[in-house]
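Notes for the one structure printed next.
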Amino acid sequence: MGSVRWAFRCGSWTPTRSEWLFASRCVQPEEKARIGEFVFTKDAKSAMAGRLLLRKFVCEKMTIPWSHIRLERTPRGKPYLAAPLQVGPAPVTWRFNVSHQGDYAVLAAEQGVQVGVDIMKTVMPGSSSVPEFFRIMTRQFTAYEWSVIQSAGSERQQLAAFYRHWALKESFIKAIGTGLGFNLQRVEFHVSPKTLTQSQPVRQSTMHLDEEEQDDWVFEECLLDDDHHVAVALGADSSPLPAPLPPPCPFTLLSFSDLIGPASPLTDEDPSYWESFSAKADGPQRQRDVH
């Protein structure tokens, strides 16, 4: 069983013209077009980083040449590898997922199990108070979860608890690939009281689905920095989860050079793509990552 955990800090990435144009040549044309439609540079950078993370993973860990990689999406938006090459005996199936929000894009991949990843940045509500923000979001959590969130301490600590719960729920939804139609009230998390750190993920939070504790799902949690919380959902696929699971591995922070290390261009250079990117606004809005 193999595990991959990668992160790229796209928030501090200020691509040069040559970097952006090279990156755009290394993703599929339809993805390049989709990234080009974002209004804000932050969203375009995050989406580009997510696609490059996926392709780097498939190329390096699944040993498929960059130019042969064809990534598609399920009807609900979850990325998958279309028509993978196979040499020799069938390998243990890799599952992978990406998320981008705040200042990072992240990838989690695992062999032989379902996997979903979500990252959330703890931020103060922009247009409302914390109590009003929680009121608006009431239906996203159960009464028990709200009791935990609202007893966390200061408003900042309550928001951190809110986003921690949110990341856990999103990681599960992304693992099962159901998209936005899933009723979040069906899922209730009992989070670990252990303080999360950047150095070592923990697997102590548990999930109840329709009020039944789920023994066939494991959730890893860690911090990338003081503001960014990551949750990884691991679930049984065609067979039960291995027992015991290997220890969780922390996220490795990649540079842009790491990200494009195995890359090879798929299309010709398009100078207008840089002009379009450099003209984008640098606003605070964000586009939620597509599963």
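Between A243 and L209, the simple label model (points 7 Å from Cα in the Cβ direction) yields a spacing of 1.8 nm. Each pair of Cα atoms in segment 21-74 enters the Kirkwood radius, and Stokes-Einstein at 37 °C and 0.692 mPa s then converts it into a translational diffusion coefficient of 283 µm²/s. What's the local net charge at L71, with K and R +1, D and E -1, over the other residues with C-beta under 9 Å away? For residues surrounding L71, the net value is +2.
In segment 157-291, taking the dipole from charged Cβ atoms about the Cα centre, the farthest positive-side position among P242, Q158, F182 is held by Q158. Note that the chain presents 46 Å² accessible area per residue, ligands and nucleic acids not counted, probe 1.4 Å.
Here the label points at R70 and D268, each 7 Å from Cα along the C-beta direction, are separated by 2.4 nm in the simple model.
From the convex hull of the Cα coordinates of the chain, what is the mean projected area in square nanometres?
On the way: hull surface 61.8 nm².
Here the figure is 15.4 nm², rounded to one decimal.
Quick one: of K194/K280; K45/K169; K45/K194; K174/K280, which pairs are farther than 31 Å apart, Cα to Cα? Violating the 31 Å limit, Cα to Cα: K194/K280; K45/K194.
The values are calculated or read from the model by the stated rules, or taken from the named source; none is laboratory data. None of the values given here were measured: they were computed from a predicted structure. All Cβ positions, even for glycine, are placed from backbone atoms using ideal geometry, and neighbour counts span all protein chains on display. For accessibility, only protein heavy atoms count, side chains too; no ligands or nucleic acids. Shrake-Rupley method; radii C 1.70, N 1.55, O 1.52, S 1.80 Å.
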